[in-house]
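Let me begin by presenting the structure, written as structure tokens, before commenting on it.
The values are calculated or read from the model by the stated rules, or taken from the named source; none is laboratory data. As the structure is a computational prediction, the values presented were derived from the model and not from experiment. Quick reminder, even Gly has a Cβ in these numbers, built from the backbone with ideal geometry, and neighbours come from all protein chains shown. Accessible surface areas use protein heavy atoms only, side chains included; no ligands, DNA or RNA. Shrake-Rupley method; radii C 1.70, N 1.55, O 1.52, S 1.80 Å.
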Amino acid sequence: MKGYLYAFAEGGRWAACVTISREVDLAYRFDDDFRRAVEAEAGCDGEGAARRPGGRADVVLLLDEPLPLGIAFAAAELFARRAGRVQGEAGAARLLRACVREAEPRSGWPGLAGLNRSFGREQPAGDVRRIAAVRFGQASASGEREARALAAAAREAAAALEGRALLRSEALALLGAAGPAPARWSAAFADAALQLAALLGRLRLGSAIARGDGVRGRRRKRRCLRCGSGEAHMRRTPCAACGSVCAYCEACLLLGRCRECTLLISGIPEGGASVRMRTADELPPIPARLERWGLSPAQSDAAAAALRWLESADGDTDRGISGQLQQTVARMASRLGIAGAAARKQTARSVHTYGAERPPFLLWAVTGAGKTEMMFTLIDSVLARGGKAMVATPRRDVVLELEPRIRKAFPEHTVAALHGASREKWTNADITLATTHQAIRFEAGFELVVIDELDAFPYHNNPMLQYAAAKCVMPGGHRVLLSATPPAQLRRAAARGRLPHARIPVRFHGFPLPVPVEIRVPPVREMIRRRSVPDKLRKAIAASLSRGAQVFVFVPRISDTGPAATLLGTICPPDAVIGYTSSQDEQRTETVMRFRRRELRVLVTTTILERGVTIPRSDVFVLDADAPLFDEASLEQMAGRAGRSKDDPHGRVYFCAPHATRAQRAAIRQIREMNALAAARGYIRKETHAAVGKQEARAGGMMHR
């Protein structure tokens, strides 16, 4: 896509701007009647002035030739850095041409000069035309009607795009699906409406891929402003849309091609979080609100702590945290991809920042603790005060599982569930459930963003998804992190008092976590090769089946699932049907459903089922527990499949391997520490203390066998 670059003088000061509809810009700069009409119709006269890119101009210097958007916006930024030294119109015209020449790709990539010549970009910057007066429309009456119609369209577009970060094609699709009828929205009219909304400070227009700071004559690295990916993910190809050689981002390619000449439209939150969301002064006391959700004592304590943090007064966002600790939290959050606005400013220059940095809140809850119910209390607080909430999770199946529960919990509010196959992509809702990939299409749109399972694949160690989740938070908004196995940096920060958090060390039913038992057995592949199962393992599986439990058997490699299931079939009773599944199994959903219906008694699987699957009466066997793939968090998650039901809280967990590893020891130690903490806080049911002692004795007796 191409746009026009121009410089304008306002009160003796020069600035540069890029437009996709030069007629609108010129009318806004020179026609006072047009400007007053559109501001009045859009309802923003006197509002948002700080966000508007200038007002009435004394003179405009317009480049006649349209430029690829990436070049135009880069040139405008270069002009802004040097505008203070401009003297007179001649100087401004020279600077404008010089900035265009410097912004050309060949200045940073000499090897592309031949391709640029073949695409017609190896040429002078173009003529500069001086404009001093413009009138919008022919007759005053019809001109005013046209101006008001355009302003109404700009207002509708801004409302529909609020809190979004969309490419031009996506924005037009949204406006057609959720906004005005597409029949009266031609491409030219849509561009005019979007440009006017930007002039009124309601939208922000820019190149989807921006160039970072660099020394003149050297390569200036680019960054995708939609997903945050850097130069390593940029690929340059000839582009028919702009007639130049421009970069596109490979990292977010599955969500649509994001090019240097592609227009990225960001919906600026109207007024900001402090305006849209009321304070909590008018809400009932926290204990009264928690009664609605039927929480356990441990859940209530954690939810109350989170609510007190969430509802702290505006401007008191970092209460109790010193400046040094704020910096520590910011550095840690940036490394983990949970940084807020202040840290994002260093990641991408054009991502606007508002307000102070607010550290996230960590809900550190054991598996099966009931994090969803605690999350409901936070969403309820935000909705009651007029805000919006997003729940971002790495996995699609979590979105599908949460959707009916949230609709039932909040029947009076709109809910949108966004994933790859979702049909609600453009729905504007009070509560948005989204995979972290879909969060890329939002920016500064929610007062509360809950990041569930932040340690799970594919979110963990994925800078693109972490950037996407972080930029969804509205200025002054709040981020809540949910995890049973938070990364080590977060745990250390919480332990040292540097991160607001609440620990839930017990499950909702009040019984302790099953402590894993270590069994010494040969590697899986050796057992498969020998076609034999050691007596210790065979007896443990038989005991689980005889007590009526279903059995999870985890293996580290996909290729071992089928052979391991065949091997275990030789030792199980005929009525104990065995299945296997993995991420490569096209029938995985059906296999898991058969396991839920107890049609399968034993399921051999990989870490694909370490989360999100709850079987009322189940035991867990982790084969090759010493495999490098099974780290501490993975072992804790797999162990968390057992004992989740109040009818069978003492499920059994076995770590089966030739030898112990640091990860196994750490996982067992963490489980015991959580049980000890729960007992110390009085969360463990009194009638379970004897059972806990027996379980610990049993675990110690079987250790190292």
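Structural remarks
- Surface accessible to a 1.4 Å probe, per residue, for the residues of segment 391-493, Å²: 33
- Residue pairs exceeding 23 angstrom between C-alpha atoms, taken from 2/471; 2/221; 539/686; 388/646: 2/471; 539/686; 388/646.
- Accessible carbon and sulfur surface of segment 512-658 relative to its total accessible area, %, 1.4 Å: 49
- Here the Karplus curve 6.51 cos²θ - 1.76 cosθ + 1.60, taken at θ = phi - 60°, turns the phi angles of segment 194-199 into couplings of 5, 5, 5, 4, 5, 5 Hz, with x standing for Gly and Pro.
- When the trypsin sites (Lys or Arg not before Pro) in segment 432-538 are filtered for DSSP coil states and for at most 11 other beta-carbon atoms within 10 Å of their beta-carbon, the remaining sites are 496, 531.
- The residues of segment 566-606 expose on average 57 square angstrom of accessible surface per residue, using a 1.4 Å probe on protein heavy atoms.
- Beta bridges by DSSP in segment 531-660, antiparallel share as percent, to the nearest 5: 5
- Of the peptides 453-460, 66-73, the ranking by mean beta-carbon count within 10 Å, highest at the top, reads 66-73, 453-460.
- Summarising the amide proton neighbourhood of residue 506: residues at separation of 5 or more, or on other chains, whose placed amide H is nearer than 5 Å comprise 366.
- Ranked by how many other beta carbons lie within 10 Å on average, peptides 667-680, 631-644 from highest: 631-644, 667-680
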